[in-house]
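Right, one structure below, let's go through it.
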Amino acid sequence: MPRTETVYSAGGVIARGAADAPEVALIATHQTTRWALPKGMVEVGETPEAAARREVREETGLEGEILQPLARIEYWYSPRPGIRHHKFVDFFLLRWTAGDPRPQTSEVDAVAWLPIQVALNRASYQSELDVLIKARAAWAHLNTPAP
């Protein structure tokens with residue numbers, strides 16, 4: 001039976017634009033065949049929020065401010081024989097503040113600003129599609145002026 005390790009990561013939906021038509025940044029991996037949200041390991045002594053901002057910056061070249069938590073997803077995978085990881089990822093909604101898309105070449109093939117509907121259609125993983133749906137609703141709520 002493989003040994004199970006629990007792994008914690010954080011990531012973000014970085015967004016910009018109008019309440020009803022935001023753009024979000026997705027990363028491409030696996031020779032641009034998989035489109036996903038930027039995410040990575042929470043380092044020792046680091047908060048999930050700080051890890052999310054750092055991972056978004058490292059993987060996309062984009063800076064953002066945390067607006068709110070969105071969701072925690074979990075999944076299982078085997079990084080090598082005899083080990084399986086139970087991974088938890090906390091996602092946050094970020095408002096873009098600076099930077100231009102620049103992929104982290106050691107891990108990411110491409111970065112693109114995409115209209116939210118295109119991002120919803122392009123997302124490769126159902127759990128991250130669900131996070132994008134939550135982000136769209138939160139963005140609309142946060143960016144709609146009060147009456």
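A few remarks follow.
- For the pair residue 32 and residue 77, the difference between a 0.36 nm per residue extended length and the Cα-Cα distance amounts to 14.1 nm.
- In the range 77-147, the inverse of the mean reciprocal separation of distinct Cα atoms equals 15.2 Å; this is its Kirkwood hydrodynamic radius.
- Remark: the chain carries 53 Å² of accessible area per residue (probe radius 1.4 Å; ligands, DNA and RNA excluded).
- With every protein chain in place, the range 12-147: carbon and sulfur % of accessible area (1.4 Å): 53 percent
- Stretchable slack from residue 46 to residue 4, in nm (0.36 nm times residue separation minus alpha-carbon distance): 12.8 nm
- Proximal charge balance of residue 19 [Cβ under 13 Å; K/R count +1, D/E count -1]: +1
- Modelled label positions at residue 125 and residue 68, each set 7 Å beyond Cα in the direction of Cβ, lie 2.3 nm from each other.
- Percent RCO, i.e. relative contact order, over the range 27-147, from Cα pairs under 8 Å lying at least 6 residues apart: 27 percent
- Rounded tilt (10° steps) of 48-60 against the dominant C-alpha axis of the chain: 80 degrees
- Each Lys and Arg adds +1 at its Cβ and each Asp and Glu adds -1 at its Cβ; summed about the Cα centre, the chain shows a dipole of about 320 debye.
- Note on the range 1-75: semi-axes of the ellipsoid equivalent to its C-alpha gyration tensor, largest first and rounded to whole Å, are 24, 16, 12.
- With contributions of -39500 (n - 2.57) from each DSSP H run of at least four residues, the per-residue ellipticity at 222 nm computed over the chain stands at -8000 deg cm²/dmol.
The values are calculated or read from the model by the stated rules, or taken from the named source; none is laboratory data. Bear in mind the structure is a predicted one, so any value in this text is a computation, not a measurement. Note that we place each Cβ from the backbone using ideal geometry, even for glycine, and neighbour counts take in every protein chain shown. Just the protein is used for accessible areas: all its heavy atoms, side chains included, with ligands, DNA and RNA removed. Shrake-Rupley method; radii C 1.70, N 1.55, O 1.52, S 1.80 Å.
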